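A short worksheet on the structure shown next.
What follows is calculated from the coordinates using simple rules that are stated; it is not laboratory data. Note that the structure is a prediction, hence the values are computed from the model and not measured. Quick reminder, even Gly has a Cβ in these numbers, built from the backbone with ideal geometry, and neighbours come from all protein chains shown.
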Amino acid sequence: MAKFILGKKIGMTRIFTDKQSVPLTVVHALPNTILQLKAQRSDGYNAVQVGAGEIKEKNVKKPALGHMKKGGALHLVAKEFYTEENDNLKVGDKVNVTQFAKGDEVTITAITKGKGYAGVMKRHGFHGGPKTHGSDHHRAPGSIGGAYPQRVFKGKKMPGHLGAIVTSQKKTKVFDINERENLILLTGSIPGANNSWISIKQ
């Protein structure tokens, strides 16, 4: 059965082993509640919807309120995880960090840090123009097309919005689990800003 959980990225730290310093990302993953089970016969696919985070009832819209009360808990965020089968699960069950183990390889999905409107050097890694000898072309993109066909081709690398997109990072290793504090320690860095919600799935 697939392993999955929603958590909040806390930040980075490191642990010293006998041989090296290991960079770690700390994720706080309080027990999630299963809000809905989707099946192939009724919905066209198998999935589990889980909720996480605390929210007051007055801040929940009425359609979502009725949906969450079926699971017996109110949550700030909800997400679906695709699964092959849901036979051993039921609405209202709790999902916690104990399902993961040291050495597991997981996929992290999160919204990357938003960096606003960026130029081509920051956004695409352009080298830039000469810095001396009267050049007026230091960080500009340069030519963006020829005389024909009198238009800019779609997909041209140009300045624009950078970051704030959903991305996934595969084969991230679980370094350790802290069941008492509901923490998952992941090796290396992961996408997303501190205090942002991320999903972890094996």
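The rule of thumb for compact globular proteins, 2.2 N^0.38 Å, goes into the C-alpha radius of gyration of segment 31-95 1.10 times. Quick one: if the Förster radius is 41 Å, what FRET efficiency do V77 and Q20 give, using the C-beta to C-beta distance and rounding to 0.05? Plugging the Cβ-Cβ distance into 1/(1 + (r/R0)^6) gives 0.70. To the nearest 500 deg cm²/dmol, what mean residue ellipticity at 222 nm is calculated for the chain from DSSP H runs of n ≥ 4 alone, each contributing -39,500 (n - 2.57), summed and divided by the residues? Counting only the DSSP helices, I get -2000 deg cm²/dmol. Per-residue extension of 0.36 nm, minus the Cα-Cα distance of N88 and A101, leaves a gain of 2.7 nm for this segment. Within segment 1-82, the chymotrypsin sites (Phe, Trp or Tyr not before Pro) that combine a DSSP coil assignment with at most 13 other C-beta atoms in a 10 angstrom radius are Y45.
Under the combined filter of DSSP loop state and at most 12 neighbouring Cβ atoms within 10 Å, segment 133-202 retains these chymotrypsin sites (Phe, Trp or Tyr not before Pro): F153. Extending 7 Å from the Cα toward the beta-carbon at both A164 and E181 defines two label points whose distance is 3.2 nm. With a cut-off of 15 Å between beta carbons, the residues surrounding A73 carry a summed charge of +3, where Lys and Arg count +1 and Asp and Glu -1.
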